[in-house]
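Single-structure report; data block below.
The values are calculated or read from the model by the stated rules, or taken from the named source; none is laboratory data. Nothing here was measured: the structure is a model prediction, and the numbers come from that model. Don't worry about glycine lacking a Cβ; one is built from the backbone with ideal geometry, like all the others, and counts go over all protein chains shown. Calculation scope for accessible area: heavy atoms of the full protein, side chains included, ligands and nucleic acids excluded. Shrake-Rupley method; radii C 1.70, N 1.55, O 1.52, S 1.80 Å.
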Amino acid sequence: MDALLTVLASKKGIPGVQQLLSCLDQDFQLDVVICSYGGVGSTELSNFLNQHGLSTNLLTDQDNLRHCPRPPTFGLASAPAHEEAGPSCSISDGGARAQPRTVVCLYGNPLASIASHYRRGHAYHQSLKTSGGATAKIRSQDFPTSFEDYVAKGEDLFGYEQHLQNWLEGEANYTILYVRYEHMFDLEVCQQLFKQLCSHCKAEDDVLNMAQTFSASKRERKSQAPSGCSGMYSEMIARLNTMPYLGLRHPSSKHIVSLVPSAPLEPVLASALTS
């Protein structure tokens, strides 16, 4: 039901959809909305949460939330798509009508992420989403056809740097939970992560069991950035390395506070990471 309502809420402009919505629950609330630039484990986390009874935004991205290039706005009866989002990626800020319980921003090594997009054959399409449509100015046939060609071109066609800045500094009237993919399976990170995501509906022992199970499910990353391309995104990677493995930013704040002792214990000023 959550998935159906989420899709319908993002298609309100289609004749008949509003009438159908009026027959369904108008106050549904997703447990977790997971956003990322892709290739950083959002599918793994979403599937795991779904298996344990928690609702998440759609893996198909039909609700325009999975790779939203900025913190979305929730709770609006209707919201226009951002003009710059491009024809293949209209970001409806009202994709889910009710504010979810938790919003998660997953991040990780941008080069490995982009290698994943090329491995799965959707690099150009993904760039339309993560860049907010800026890539639409480039014809698909002119987009680099391989990871090696992309690195050789040396331009941030996926808009990752702006994507990161938007999520660190963008206005949001809700708390954002930041998770680093490379440490997402660390047990101490898992314990705090699932405490944040599941405590409203799971007993403490269940949360601990979920953390242990998820941590044990870690497998080798399928996509790796080849050696020799470390110069690209070097500044962005340096900024990511100053961020907590797991942290949160409260509404209207520019501070990301670490939730695990393995990361910096002092609050990190988000604006300093994007200067």
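Report the residue count in region 131-149 for those that are over 21 Å from residue 69 (Cα atoms) and charged (D, E, K, R). Looking only at that region, the number is 3. For region 96-134, taking the residues that are assigned to a loop (DSSP other than H, G, I, E, B) and closer than 30 Å to residue 201 by Cβ, the one that is modelled with the lowest pLDDT is identified as 96. Going through (1) buried (at least 22 other Cβ atoms within 10 Å of the Cβ); (2) at pLDDT below 85; (3) of a type in the set (S, T, N, Q) one by one, residue 62 falls short only on (1). Taking the listed residues 179, 104, 207, the one that is more than 17 Å from the chain's Cα centre (by Cα) and among the aliphatic types (A, V, I, L, M) is 207, with no other qualifying.
Is it fair to say residue 137 is out of contact with any helix residue (DSSP H, G or I) (no Cβ under 7 Å at 6 or more places or on another chain), open to solvent by 10 Å² or more (accessible area, probe 1.4 Å), over 26 Å from residue 249 (Cβ atoms) and not small (Gly, Ala, Ser)? Taking the combined requirement at face value, the residue satisfies it. Filtering region 148-164 for residues that are more than 22 Å from the chain's Cα centre (by Cα) and within 18 Å of residue 47 (Cα to Cα) leaves an empty set.
Can you find, within region 46-59, the residue that is surrounded by the fewest Cβ atoms within 10 Å (Cβ to Cβ) among those that are in contact (Cβ under 8 Å) with a residue 24 or more places away in the chain and of a type in the set (A, V, I, L, M, F, W, C)? Within region 46-59, the match that is surrounded by the fewest Cβ atoms within 10 Å (Cβ to Cβ) is 48.
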